[in-house]
Amino acid sequence: MNILLVYPECPDTFWSFKHALKFISKRATLPPLGLLTVAGMLPREWKKKVVDMNVEPLKDRDIEWADYVFISAMSVQKESAKKVISRCKKLGARVVAGGPLFTTGYEEFEGVDHFVLNEAEVTLPFFLKDLKAGNPGRIYTSNEWADLRKTPVPLWELIDMRKYASMCIQYSRGCPFNCEFCDVTLLFGRRIRTKTKNQIIKELEALYQQGWRGGVFVVDDNFIGNKYLIKKEILPAITGWMKERNYPFTFTTQASINLADDEELVKQMVEAGFTSVFVGIETPNEESLTECGKFQNKNRNLLECVRRLQRHGLIVQGGFILGFDHDPPSIFETLISFIQKSGIIAAMVGLLNAPRGTRLYNRLKKEKRLVAEISGDNTDLSMNFIPKMEYNVLLRGYRKVVQTIYSPEYFYRRLKTFLENFNFPWRRKLHFHFYHLRAFFKSIWRFGIRSRERKYFWKLLLWTLVRRPVLVPIAFTFTIYGFHFRKIFEEAFRKYPLKLSDFGG
């Protein structure tokens, strides 16, 4: 049996790092972890090939070679997924589809022969059993949650690691919180399900044996969902393995803001090699936090929480949302001020949307405010519901926020704030590759010579060399990030110019 596993193309978004990847000559940020894991669940004797359309084109001969084409995708990949399915049907290939896009909206894809929905550990075995018997069904779904202790190691040998900026692993699924707008609990539940420490070490060893050295993204939606296991088992195991292997990786992950409450846990993460964490801060407005059920963020000094993590050696990336019903007219200036004071360089500011099946989606449906499905693109200036704030006021405010925080003046000022507050762990090993040297010279040329921002660039660089020389590599990295974020929003505003809203006004 020949199996082709296809990962559709992602559009250029905030987290695609398209413009930043050019500096290090990489094609994509991360490989398709889900498909590589599914590949490990298929019979060993089957021939398998992965085509990640973000790093290489999908060719007709690849489709013609396959007995079945497996597709997995997120909502932001919908248009590319539809094109892939259409090509497969024209070439007579049978299509098997799964992943978040299809789990929440499989009705939109008539060209798919077989849907393997929800978690593959549960539904894929039933499909394979029926396939072996010669009578596979069309839809496989389940309300059962998967036992991650049975999840195999991804088949890393199916990809060319040199094309990616980072690798990725997964430790847990689920989140103990239930924010109104979030579909994590819809897809994975509120009970934290985890792999064992032996599984994690085995996955790290597999990456190491494939020759990977560098960043590893732990893709969990909330890495600290089960603090007890993280502190007592997982982090000590990772730390021991990292020391034994002379620290070949650095880790990034996602966590809730209550991480800042546990100094011991933060220190353990830094000791294990974690360098940064994405936190859903959402809004500094308490009424909006109450509205969306983000209770873990309430009644705390969010700025101090961010600074605490930075002082312990964790770079904080932040998610922010505009468009809550309780957002006051002053929210735009308040958010600009918060982001600037926080020193959060990668500040993803998006407009609120309601993914299908979430509590927010169901509430807005009852209120007859839904107007569309989400695009999945956090930079396309779209909302799929009628907001309480007049839409064009909201859109103008949103544009003001992102244009301000990513303008050279504000961005470099915020970067300096971060560099002043961040404490670099001296035991941390830096991974240098030849492409980092190329990125250095490209940065000097692009920001220090050609760009109108050169006065800000040189001023920051000189300050860093004198005051925080150990942070010079980080300063260069974030300068490149800022360039990417600025370009992404410039392209979004050109593609979606401000105009009268469909909602009136």
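A short reminder: the numbers here are calculations on the coordinates, not readings from a lab. Please read all numbers here as calculations on a predicted model, not as lab measurements. Here Cβ is always computed from backbone atoms with ideal geometry, including for glycine, and neighbour counts include all displayed protein chains.
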> Mean 1/r over all different Cα pairs, inverted: what Kirkwood radius does segment 2-140 give, in Å?
Replying inline: 15.4
> Please identify the chymotrypsin sites (Phe, Trp or Tyr not before Pro) of segment 50-112 that satisfy two criteria: DSSP loop assignment and at most 11 other Cβ atoms within 10 Å. Which are they?
Replying inline: none
> Of the cross-linked pairs LYS49/LYS129; LYS18/LYS197; LYS48/LYS90, which ones have a Cα-Cα span greater than 23 Å in the structure shown?
Replying inline: LYS18/LYS197
>> Taking only complete DSSP H runs, can you tell me which helices of the chain stretch 24 Å or more along their own long axis by Cα positions and average at least 0.0 on the Kyte-Doolittle scale?
In response: 472-495
> Within the chain, which cysteines find no other Cys whose Cβ is under 4.7 angstrom from their own?
Replying inline: CYS10, CYS88, CYS168, CYS175, CYS292, CYS305
> Expressed in nm to one decimal, what extension gain is obtained for the pair GLU157 and ALA372 from 0.36 nm per residue of sequence separation less their Cα-Cα distance?
Replying inline: 73.4 nm
>> Checking the cross-link filter: which lysines have an alpha carbon closer than 17 Å to that of LYS459, excluding same-chain neighbours under 8 positions apart?
In response: LYS416
>> Name the residue from PHE23, PHE485, MET53 whose Cα lies farthest towards the positive end of the charge dipole of the chain, charges +1 on Cβ of Lys and Arg and -1 on Cβ of Asp and Glu.
In response: PHE23
> From the Cα gyration tensor of segment 77-152, with a ≥ b ≥ c the square roots of its eigenvalues, which class applies: rounded if a/c is under 1.5, or else prolate if a/b is larger than b/c, or else oblate?
Replying inline: oblate
>> Give me ARG396, ARG193 sorted ascending by neighbouring Cβ count inside 10 Å, so fewest comes first.
In response: ARG396, ARG193
> R0 = 35 Å: FRET efficiency of ASP130 with MET74, Cβ-based, nearest 0.05?
Replying inline: 0.85
>> Strictly over 18 Å apart at the Cα level, which of LYS195/LYS232; LYS341/LYS388; LYS47/LYS78; LYS150/LYS232; LYS22/LYS442 would you flag in this model?
In response: LYS341/LYS388; LYS47/LYS78; LYS150/LYS232
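Quick one: what do you get for the chain if you divide its Cα Rg by 2.2 N^0.38 Å?
In units of the 2.2 N^0.38 Å rule of thumb, it is 0.97.
Sort 313-319, 403-409, 5-11 for me by packing, meaning the mean count of neighbouring Cβ atoms within 10 Å per residue, highest on top.
Ranked by mean Cβ neighbours within 10 Å, highest first: 5-11, 313-319, 403-409.
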> Mind checking the dipole of segment 1-159: about its Cα centre, +1 per Lys or Arg Cβ, -1 per Asp or Glu Cβ, Debye to the nearest 20?
Replying inline: 420
> Taking the Cα-to-Cβ direction at ARG300 and at GLU263 and moving 7 Å from each Cα, how far apart do the two end points lie in nm?
Replying inline: 1.6
